[in-house]
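All remarks here apply to the structure that follows.
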Amino acid sequence: MLNDIVKSLGHPEEILNLLKFKMGGCRAVMAKLDYESMSESLRTCYTYLNQTSRSFAAVIESLDGDLRHAVCIFYLVLRSLDTVEDDMTIPLATKVPMLNDFHTFLYQADWCFTESQEKDRQVLEDFPTISLEFRKLGQQYREVISDICHRMGMGMAEFLEKKVGSMKEWDLYCHYVAGLVGIGLSQLFSASQLADPEVGQDTELANSMGLFLQKTNIIRDYLEDTQQGRAFWPQEAWVQFSDRLEDLAQPEKLESALSCLNLLVTDALRHVPDVLTYLARLRNQSIFNFCAIPQVMALATLTVCYNNPMVFRGVVKIRKGQAVTLMMDANNMEAVRAIITQYSGELRQKVSLTDPSRAETLHILGVIAEKSAPLQPALQSKSSHLSPMYLSAAMLLAAFSWQYLSTTVAQAQDGRDMQGH
């Protein structure tokens with residue numbers, strides 16, 4: 001934890017939130033599930049959920065009512081499908097029909113796949129447990145999950161045999177692998193009656209929610225994907241700057257690489273106004289948190305990625321303190337508007353005078369600024385006269401003291417335990 005605090009020096013609110021989170025503040029956004037009341041197969045599904053995505057698990061487990069289980073199973077079904085798509089060791093002759101038919105496996109009690117080499121292969125090996133819990137869901141949920149699984153599998157199969165060429169094809173690919181997730185989730189929200197019918201009916205906005213997250217992941221994961229032989233950056237973008245996509249990682253190509261990167265970040269940003277419109281329609285707190293937290297984290301990630309050479313050299317991540325602060329703060333529309341205003345302002349400061357996409361970037365940032373403007377002026381913080389570094393130093397001292405006290409208490413407890421023996 002101290003390492004995370006050091007990284008957040010200069011951001012006192014992050015240090016404060018790390019301490020709050022460590023001392024139980026996480027319960028405000030991450031509910032504790034009653035595993036004892038679950039069937040063994042459902043407990044197993046939640047175990048797989050936490051193994052495959054700890055970040056998504058946290059917000060899924062906080063959803064209200066039976067929607068929680070429906071979204072858990074939806075996630076695991078699509079994670080299974082995605083594991084098939086990602087596994088480069090499965091021959092196309094096997095993979096294509098498997099993707100096209102995957103939705104039918106939901107109703108085949110014994111179907112599983114034991115030949116995957118992917119890290120998440122357990123969801124395929126124990127698919128009978130996942131499909132069992134799927135078949136226990138209400139019909140309104142099963143219909144949505146099966147339909148989205150079918151459409152996504154067909155889309156994935158289509159792109160196995162062709163590259164992502166034009167920017168329109170990039171949108172289409174992202175629709176298949178993430179936009180459909182947004183549409184499916186929105187339909188599940190409405191089916192649960194925890195969201196208005198228009199949330200599930202407006203597929204354009206739901207698609208944008210998915211596209212923004214997926215494009216952020218694709219942009220951030222450039223190096224990992226190219227090293228593993230995967231190409232998700234659209235050729236229409238990178239061919240303007242390089243003969244081969246993987247050449248953008250070469251040091252002598254840095255200026256061209258950054259221009260390409262900034263072009264793609266700009267394209268992803270055009271979905272942010274739709275994100276704001278979508279979030280403003282949500283009325284249930286657990287659904288709002290579920291949707292808002294990943295979106296603001298994606299914007300924070302894009303802000304770090306923009307014009308950043310590290311995208312081509314290693315792993316780009318937001319600080320843990322940043323992530324925790326976003327999780328704890330993004331719980332209402334005004335807070336989300338403020339967060340988006342903050343990051344769009346940081347992006348504006350980073351736009352170079354010589355960047356080829358400068359005009360387009362500034363334009364979309366202007367649209368976002370107008371859309372995210374607070375409905376009422378924020379009150380000036382009473383602590384605005386204090387130096388961020390002073391506050392950070394004070395909080396760092398508090399963190400050291402807290403850790404020292406925790407260690408002392410633990411040692412004292414160990415001593416009592418030893419005396420008891």
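From the list Asp101, Asp64, Asp82, exactly one residue is assigned to a helix (DSSP H, G or I), closer than 30 Å to Val324 by Cα and not aliphatic (A, V, I, L, M). Which is it?
Only one candidate qualifies: Asp82.
Identify the residue in segment 234-245 that is surrounded by fewer than 16 Cβ atoms within 10 Å (Cβ to Cβ) and touching a residue at least 12 places away in the same chain (Cβ under 8 Å) and, among all such residues, is nearest to Tyr173 (Cα to Cα).
Out of the qualifying residues, it is Glu236.
Note down all Cβ pairs under 6 Å where the first residue falls in segment 352-365 and is among the small types (Gly, Ala, Ser), the second is part of a helix (DSSP H, G or I) and open to solvent by less than 80 Å² (accessible area, probe 1.4 Å), and they're at least six residues apart or on different chains.
Ser357/Asn262; Ser357/Leu263; Ser357/Thr266
Would you point out the residue of segment 310-329, among those that are at pLDDT 90 or above and in contact with a helix residue (DSSP H, G or I) (Cβ under 6 Å, 6 or more places away or on another chain), that is surrounded by the most Cβ atoms within 10 Å (Cβ to Cβ)?
Out of the qualifying residues, it is Val311.
Working only within segment 300-344, note down all residues that are under 28 Å from Leu263 (Cβ atoms) and assigned to a loop (DSSP other than H, G, I, E, B).
Tyr306, Asn307, Asn308, Arg313, Gly314, Val315, Val316, Lys317, Ile318, Arg319, Ala330
Looking at this structure, is Glu125 touching an Asp or Glu at 6+ places or on another chain (Cβ under 9 Å) and either under 23 Å from Gly229 (Cα atoms) or surrounded by fewer than 17 Cβ atoms within 10 Å (Cβ to Cβ) (or both)?
no
Answer yes or no as to whether His69 is crowded, with 19+ Cβ neighbours inside 10 Å, assigned to a helix (DSSP H, G or I) and out of contact with any Ser or Thr (no Cβ under 9 Å at 6 or more places or on another chain).
yes
Taking the criterion of being open to solvent by 10 Å² or more (accessible area, probe 1.4 Å), out of contact with any His (no Cβ under 8 Å at 6 or more places or on another chain) and more than 29 Å from Gly65 (Cα to Cα), would at least one residue in segment 280-295 satisfy it?
no
Checking the structure you have, find out if any residue of segment 122-131 is farther than 21 Å from Trp233 by Cα and part of a loop (DSSP other than H, G, I, E, B).
Yes, there is a match, as at least one residue in segment 122-131 is farther than 21 Å from Trp233 by Cα and part of a loop (DSSP other than H, G, I, E, B).
In segment 256-268, is there at least one residue being open to solvent by 50 Å² or more (accessible area, probe 1.4 Å) and free of Cβ contacts under 8 Å to residues at least 60 places away in the same chain?
no
Report those helices (runs of 4 or more DSSP H) wholly inside segment 135-224 carrying at least 1 residues which are of a type in the set (Ser, Thr, Tyr) and either more than 29 Å from Asp243 (Cβ to Cβ) or within 18 Å of the chain's Cα centre (by Cα) (or both).
Those helices (runs of 4 or more DSSP H) span 139-160, 167-174, 180-191, 203-220.
Looking at (1) in contact with an Asp or Glu (Cβ under 7 Å, 6 or more places away or on another chain); (2) open to solvent by 10 Å² or more (accessible area, probe 1.4 Å), can you tell me which one Leu211 breaks?
Result: Leu211 fails condition (2) only.
The values are calculated or read from the model by the stated rules, or taken from the named source; none is laboratory data. Because the structure is predicted, anything quoted here is derived from the model rather than measured. All Cβ positions, even for glycine, are placed from backbone atoms using ideal geometry, and neighbour counts span all protein chains on display. Surface accessibility is based on the protein's heavy atoms, side chains included, excluding ligands, DNA and RNA. Shrake-Rupley method; radii C 1.70, N 1.55, O 1.52, S 1.80 Å.
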